[in-house]
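So the structure is just underneath, and the comments pick up after that.
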Amino acid sequence: MDTKRALSALAALAQDSRLAVFRLLVQAGPDGGMAASKIAEALGIPSSSLSFHLKELTHANLISPRQDGRYIIYTARFQTMNDLLEFLTKNCCSGQPCDLVCIPESESVHV
């Protein structure tokens with residue numbers, strides 16, 4: 001991923017509704033996806049606003065729409081997500097194997 005594409009993806013995700021939509025589609029999985037009406041219902045986003053957010057995420061190549069009968073199903077583009085993560089962490093630990101050495105214990109995320 002080049003810098004221009006990374007900035008486009010980060011800009012698209014730098015808005016609370018778009019980030020929520022993307023996270024919901026990631027949860028739905030690569031073979032799942034959701035219709036816009038289901039996304040709107042799950043997140044409580046008005047349809048008029050949601051269409052704008054879906055367009056922005058599509059232009060940033062973070063989601064893909066596909067026609068399924070009379071519905072458009074949106075799916076997260078996992079390859080773009082992985083490429084962005086790789087771009088952000090490419091120089092982690094000065095190019096050495098990381099093993100979470102870069103993240104102090106007090107800052108690590110516990111699930």
Vicinal HN-Hα couplings computed from phi for region 42-51 (Karplus, 6.51 cos²θ - 1.76 cosθ + 1.60; Hz; Gly/Pro x): 5, 9, x, 9, x, 4, 5, 6, 4, 4
Net +/- balance of residues flanking D2 in space, Cβ distance below 15 Å, scoring K and R +1, D and E -1: +1
Under 14 Å, Cβ to Cβ, from H59 - net charge with Lys/Arg +1 and Asp/Glu -1: +4
Amide H contacts under 5 Å for I45, placed H, 5+ residues apart: none
J(HN,Hα) series, region 11-16, from Karplus relation 6.51 cos²θ - 1.76 cosθ + 1.60, nearest Hz, glycine and proline x: 5, 5, 7, 7, 8, 4
Net charge over other residues, Cβ less than 12 angstrom from the Cβ of F87 (K, R count +1; D, E count -1): 0
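No value in this document is a laboratory result; all are computed from the given coordinates. Quantities reported herein were computed from a predicted structural model and do not represent experimental measurements. When we count neighbours, we look across all protein chains shown, and the Cβ atoms used for this are built from the backbone with ideal geometry, even at glycine.
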